[in-house]
Amino acid sequence: MTNREIAAIFVQIADLLEFQKANPFRVRSYRNGARKIADLSEPLSDIAADETRALTDIEGIGKAQAEKIDELLTTGRLEMLDELLAKIPQTVLAILRVPSLGPKKAAVLHNELGINSLSDLRSACENQQVRTLKGFGAKTEETILNGLAIAEQAERRSRWVQAEAIVHRLLEHMSSASSINQIEMAGSYRRGCETVGDLDLLVEATAVDEVMDHFGAFDGMTEVIARGDTKMSVRLDTGMQIDLRVVPSESFGAALQYFTGSKDHNVVVRGLAKQLGLKVNEWGVFRVGEDGSEEYLAGRTEHEVYAALGLPCFSPKLREAREEFQWADKGTLPELIQLSDIRGDLHMHTTATDGKATLEKMIEAAIAVGREYIAITDHSKRVSMANGLDPERLRLQWAEIDRLRERYDGIKVLKGIECDILEKGGMDLPDEVLAEADWVIASVHYGQNQPQEQITDRILGALENPRVDILAHPTGRLINRREPYAVDIQMIFTAAVEHGKLLELNANPARLDLHDIHCAAAKRLGIPIVISTDAHSIEGMEVMRHGVQQAQRGGLTASDVANAQPWNSFRKLLRHAPE
Ligand code: DGT
Ligand code: CA
Ligand code: CA
Ligand code: ZN
């Protein structure tokens, strides 16, 4: 278990305690503990494993919390958390996830109005009951209503990366069922969608009952929703549903194609099959005779299924019935970018602002993952919470980079900055300072709720600035947590083309910003995309793969992505580049 996961659990405990009106000191001690853990530069597991040290040596971690950490590290679970969760129904917990509602407000709503679920909350807002509560007004009510949609989605759909954690455990568990010959995930998970509604697991096996029994013993299972001859559906304690299908080998490819979807993609596939006098379903591709008889043609592999229909075996990332069939028709299916194509990472933070690792450590980590070039882009001074850099500190960092360039000559290190676009418009650092940088990222972190015209104008102002290279996380959305800014994205694209700017695809799995369809739009306009990790730690560099997956869904090839170019091509995009 990572420090970040443990810190998140401590935050959750604090929220639950606060919701239950526990002693405020206890609540605060868990919040402080979470912050301490998140700020540690060393894994807790290393400290716990070291016999010469104790978890209580960490400042701010007392005996009780050290025991909790130990329990989490050794068992992966925490009894206290399970007990807290058992006391509060899942539907009530969902209220805590409404943006703008903290545990305190949620508790008032629960206790005063008897609100037990998101739908209760929606009715109470719509009936204007919330505004009658002390400390809530008509404005609060409106803010809650705005946040409800996103909380409602979060209740139904998980971020892809959360689904991935379950999938890893699930495949590990299923690997000990000896009669399984083939096993694949299908559905939206395989298509790499931003969010996943339920998981679809496909198995080819000799003993169906054994497979289903084994599946039913998966850790965290709370309910078997249905069990039939070939299909079984279960629900996990996280709320996630998993559908299992067991199919014979001659149908495995057909079932994989069918259950990968998307539904819209499959509708087109079936239509094309019909034109050929064929029928395709989850059992295979069949020739339909005049007497209604069906002759099996294909179905063992997906490849075989598509080939029988005269189609290429589309990457699952493209199966959304957007452009893939036209591309196939014209023979212009893109060769999608791969993680191994990535050569640079142009957005990362260090301990100078809110990063967890030093400049040297970040450079070394980038070398270790094979980057040829990187940009160090700490926050500018407006982001005071993150100890943002003023010109003086920024220049000191650049002088440090100059020194380090001699030590690390195998990698190009750009002197960059993530400069805030101020609420009133304009950049947070003077033009002459930005002019000294190799790489300037413009970002919105404040005034995210401004009306469309205002926020669009601010961003356009940044794109017009000749010292700015790129706009980071262009829509500001956080999946399942925050809606995008009201920005007019078409105007951003137009300005990027006009001023020769790049756009970021932020690879953080909670951001994935640009969206896939925006990536496709940018590609059509010839705007280079930069996939960036926005790493705030060494581990943070690991998220590049999520950005690449999103880029694949947008149909991007390596040539559409600026940081997939070798240094000598990439440097031509810079105003001035180090030798
Ligand atoms: P999700 O679970 O909401 O994130 O999205 P999917 O795409 O995983 O959808 P799901 O789990 O309902 O079904 C998995 C795939 O199975 C879906 O992408 C296509 C196929 N499928 C399921 N039901 C139908 C159906 O009624 N008609 C067709 N054509 N395909 C279906
Ligand atoms: Ca699904
Ligand atoms: Ca499903
Ligand atoms: Zn950043």
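If only residues of the stretch 67-91 that are in contact with an Asp or Glu (Cβ under 9 Å, 6 or more places away or on another chain) and either closer than 25 Å to H536 by Cα or among the aliphatic types (A, V, I, L, M) (or both) are counted, the one that is most open to solvent (accessible area, probe 1.4 Å) is L85. Within the stretch 234-251, identify whether any single residue is buried (at least 18 other Cβ atoms within 10 Å of the Cβ), touching a residue at least 60 places away in the same chain (Cβ under 8 Å), more than 28 Å from L478 (Cα to Cα) and not assigned by TED's automatic domain parsing to the domain that holds S176, and answer yes or no. Within the stretch 234-251, not a single residue is buried (at least 18 other Cβ atoms within 10 Å of the Cβ), touching a residue at least 60 places away in the same chain (Cβ under 8 Å), more than 28 Å from L478 (Cα to Cα) and not assigned by TED's automatic domain parsing to the domain that holds S176. The condition of being assigned to a helix (DSSP H, G or I) and free of Cβ contacts under 8 Å to residues at least 24 places away in the same chain holds for only one of T91, T74, that being T74. Just one residue in the set T195, T222 is more than 11 Å from ligand 2 (Cβ to nearest atom), out of contact with any Cys (no Cβ under 9 Å at 6 or more places or on another chain) and in contact (Cβ under 8 Å) with a residue 12 or more places away in the chain; that residue is T222. So is E155 of a type outside the set (S, T, Y) and open to solvent by 50 Å² or more (accessible area, probe 1.4 Å) or not? Judged against the criteria, E155 is a match. Tallying residues that are more than 14 Å from ligand 3 (Cβ to nearest atom) and surrounded by fewer than 17 Cβ atoms within 10 Å (Cβ to Cβ) within the stretch 178-207 yields 6. Criterion applied to A399, A442 was being within 21 Å of S532 (Cα to Cα) and open to solvent by less than 60 Å² (accessible area, probe 1.4 Å), and the one residue passing it is A442. The set of residues in the stretch 307-361 that are under 24 Å from E542 (Cα atoms) and acidic (D, E) comprises E335, D341, D345, D354, E360. Given the criteria within 16 Å of ligand 1 (Cβ to nearest atom) and open to solvent by less than 30 Å² (accessible area, probe 1.4 Å), does R319 qualify? Taking the combined requirement at face value, the residue satisfies it. Can you tell me which residue in the stretch 339-375 is farthest from the chain's Cα centre (by Cα), limited to those that are among the small types (G, A, S) and open to solvent by less than 60 Å² (accessible area, probe 1.4 Å)? Here the answer is A352.
Selection of the stretch 328-338 for residues being open to solvent by less than 40 Å² (accessible area, probe 1.4 Å) and either at pLDDT below 95 or not in a loop (DSSP other than H, G, I, E, B) (or both) yields A328, L336.
What are the pairs with Cβ atoms under 6 angstrom where one residue, in the stretch 7-26, is more than 21 Å from E112 (Cα to Cα) and the other, located anywhere, is among the hydroxyl-bearing types (S, T, Y)? Sequence gap at least six, or different chains. Close Cβ pairs satisfying both conditions: F10/Y30; I13/Y30; A14/Y30.
Residues that are farther than 27 Å from L505 by Cβ, more than 16 Å from ligand 1 (Cβ to nearest atom) and not assigned by TED's automatic domain parsing to the domain that holds A510 number at least 3 in the following helices (runs of 4 or more DSSP H) confined to the stretch 122-211: 138-156, 160-174. In the condition set (1) open to solvent by 20 Å² or more (accessible area, probe 1.4 Å); (2) within 16 Å of ligand 3 (Cβ to nearest atom); (3) among the aromatic types (F, W, Y), F286 is compliant with all but (2).
Please determine, by comparing only the residues of the stretch 514-541 that are open to solvent by 30 Å² or more (accessible area, probe 1.4 Å) and in contact (Cβ under 8 Å) with a residue 60 or more places away in the chain, which one is nearest to ligand 4 (Cβ to nearest atom). Among them, the one singled out is H536.
The values are calculated or read from the model by the stated rules, or taken from the named source; none is laboratory data. Just so it is clear, the structure is predicted and the values come from calculations on it, not from any experiment. Every residue, glycine as well, gets a Cβ built from its backbone with ideal geometry; the counts of neighbours run over all protein chains shown. Protein only, heavy atoms only, side chains kept; ligands, DNA and RNA dropped before computing areas. Shrake-Rupley method; radii C 1.70, N 1.55, O 1.52, S 1.80 Å.
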